[in-house]
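None of the figures in this text is laboratory data; all of them are computed from the coordinates on show. Being a predicted model, the structure only gives us computed values, none of them experimental. Cβ placement follows ideal geometry from the backbone for every residue including glycine, while neighbour counts extend to all protein chains displayed.
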């Protein structure tokens, strides 16, 4: 009887291992979802849930708080409010998370630019671009803000000499960032038009 | 078929010292013959309900008096079968011990049959998952009803569209639009699910 029980346990363990391995293989094999792909309706985990709405509502509140601080001229407080959006917990794999965070980074970078913190603004944008899983209009917006940062740097470097080498490089970098933003926008618009 | 003796059990009870009536004597003789036939393996094809009840009582009384001993050859066969099973041999066919041996064997093999069937099912599931054509997406909707896209978590590109440079910092307005759209989808899904099992 001991052997029989051992056989049953081994069989059950094999079944569990098999199911776990299959689900792990499936998770690892999922390709990143393209920006304009229609949502697969079969995956119930992608349904809009309360957790997503809660995260979006919190982001909305922080944006509103930042707006009030901005209207009050308190840019550091507004910056802190926007930073809190970056640490919000969204449902795993929710595409809205990337979009909301990238939009928050764009606003955060513009706030930092207005406070003269160009390096911090550039770092904020670079982190957003590095963490983005897909191209989107929000990523294109980040490139737009990146161009503005380069423009601001060019202006700071130029001073009275508009032809200073550093300023010229920054202007070129700004043009490249704007071009990248335009390319992404065009590609996504074309895809959206094809899907409609 | 009703007879005049059908009220034997339900009729009036005679006095203990009363002389038996001819009808009672005839019934007693007929019942004695019925018991003899039943004990010798020749039961009548049909008997009345009262006779059947009396017959069962008579059988029980006879068994309690120890008059149901097996025939010597039958006793010998049962003992031989028990001894054979004790040393691991197969019992002789047709013996009373055969069902016990069969049940014991079934009890011995049943867990292995269950374990083997479970392993086969797990192996089949593995094969189906691993050998699935790459064209079919994981979790493809086979036979499932399509879910409206508005109910799903999805990129906000189609909702927001290209962001003009002048509005690069208007994230507050965009989050308002995203939240309102997803809230609509959530409510639509919740309302649509009502009334369903």
Give the Rg/Rh ratio for segment B:24-64, taking Rg as the radius of gyration of the Cα atoms and Rh as the Kirkwood radius, to two decimals.
0.94
Please work out how much length the chain gains when fully extended from residue A:179 to residue A:127, using 0.36 nm per residue of separation minus the C-alpha to C-alpha distance, in nm with one decimal.
16.8 nm
Compare the peptides B:164-172, A:142-150, B:81-89 by average per-residue count of other Cβ atoms within 10 angstrom and give them in order, highest first.
A:142-150, B:164-172, B:81-89
Working note, segment A:50-195: Cα radius of gyration (Å, one decimal) and Dmax (Å, whole number) are 16.6, 56
For a label point 7 angstrom out from the Cα of residue A:190 toward its Cβ, which stretches of segment A:125-149 have the backbone nitrogen within less than 20 Å?
A:134-141, A:143-144
Tell me, in nm to one decimal, what length is gained between residue A:89 and residue A:114 on full extension, where the rule is 0.36 nm per residue of separation less the Cα-Cα distance?
6.2 nm
With label points set 7 Å from each Cα along the Cα-to-Cβ direction at residue A:169 and residue B:89, the distance between them in nm comes to 10.2
Project the alpha carbons of segment B:149-193 onto their principal axes and report the range along each, largest first, in whole Å.
42, 16, 9
Computed E for residue A:50/residue B:107 - FRET, C-beta separation, R0 56 angstrom, nearest 0.05:
0.60
Compute the FRET efficiency between residue B:125 and residue B:56 as 1/(1 + (r/R0)^6), taking r as their Cβ-Cβ distance and R0 = 56 Å, and round to the nearest 0.05.
0.50
